[in-house]
Amino acid sequence: MTERLYYTCDNTEGQATVMSCTARAEGGYAVVLDGTLFHPQGGGQPADAGWIDEIPVETVIVSDDDVLHIVATPIAPGVISLRVDATQRQLHARLHSAGHLIGLAGTEYGWQPVKAHHWPGEGRITFSAKGSSTLPDGASLLAKINAWQAEDLPRRVTFDGGLREVGFGELPAYPCGGTHVARLSDIGQVTITQVKMKKGQMIVTYTLVP
């Protein structure tokens, strides 16, 4: 079982121990570590990029309780260095945190977020109606998001029965395994590009100003 170090720290460099390195039928090798700083693809967020020692990590995926680091060449068992691409990590964290705020803003109009996609250039949150709901425009959602950002609320990570929850300040928290900014000011400017209805659901697409 791989310890997910990124659950409780923002470090992008560190050390770990290689527990196994297995050749894959489709090519490359799957490396299991005792603990990892790399976020795997999942939960609406893409995988981190980076290096194990100097070997590029091509992608990161989950297999049962292990996190598999896919590399092109084998890595021997023992202690190795980890280096996550910090620039890409911060972008993913900003997008994921912005998605949480959009989800919270939507709930104030009677909508429940049911699906999220926090990929660069593809950000969108899908909502279903929860009782009485009204369709907000992008400006209304942004007004709420900007107000929370102006408070510069800090990230709050808690664990309840083994379930990780992420929130900001006293805002409601979501069950989440993803990476997030330390404070809402770190997100930067959020842009909502479209609010539309499709098959009874509200879909909000968004991006960030670089």
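The values are calculated or read from the model by the stated rules, or taken from the named source; none is laboratory data. If you're wondering where the values come from, they're calculated on a predicted model, not measured in any experiment. A quick note on method: Cβ atoms are made from the backbone with ideal geometry, for glycine too, and the neighbour counts reach across all protein chains shown. Just the protein is used for accessible areas: all its heavy atoms, side chains included, with ligands, DNA and RNA removed. Shrake-Rupley method; radii C 1.70, N 1.55, O 1.52, S 1.80 Å.
Quick notes on this one:
- The heavy atoms of Y6 present about 10 square angstrom of accessible area, all protein chains included, probe 1.4 Å.
- Looking at the chain alone, DSSP beta bridges between its own residues are antiparallel in about 95 percent of cases.
- Average accessible area per residue (Å²) across segment 1-107 - probe 1.4 Å, nucleic acids and ligands excluded: 44
- When M19, M1, M202, M197 are compared by accessible area at a 1.4 angstrom probe, the order from most to least is M1, M19, M197, M202.
- Net +/- balance of residues flanking G43 in space, Cβ distance below 14 Å, scoring K and R +1, D and E -1: +1
- For segment 140-210 versus segment 93-110, the inter-centroid distance based on Cα atoms is 4 Å.
- In the elastic network of the chain, a GNM with C-alpha springs shorter than 10 Å, the most mobile of K144, K130, K199 is K199.
- Electrostatic bookkeeping for L141 treats Lys and Arg as +1 and Asp and Glu as -1; over the other residues with beta carbon under 14 Å from its beta carbon, the sum is +1.
- Label-to-label distance, nm, for residues given as Q194 and D10 (7 Å Cα→Cβ offset): 3.3
- Relative contact order (%) - criterion: Cα under 8 Å, at least six apart; region: segment 61-190: 23
- Segment 52-86 and segment 1-38 have Cα centres separated by 5 Å.
- Tilt relative to the chain, helix 86-107 - C-alpha long axis, 0 to 90 degrees, to 10: 30
- Accessible carbon and sulfur surface of segment 76-210 relative to its total accessible area, %, 1.4 Å: 52
- Available extension along the chain between E58 and D152 is 30.4 nm, counting 0.36 nm per residue and deducting the alpha carbon span.
- FRET E, pair S81, R183, Förster distance 35 Å, beta-carbon r, rounded to 0.05: 0.80
- Overall dimensions of segment 108-148 by Cα: Rg and Dmax, Å: 11.4, 32
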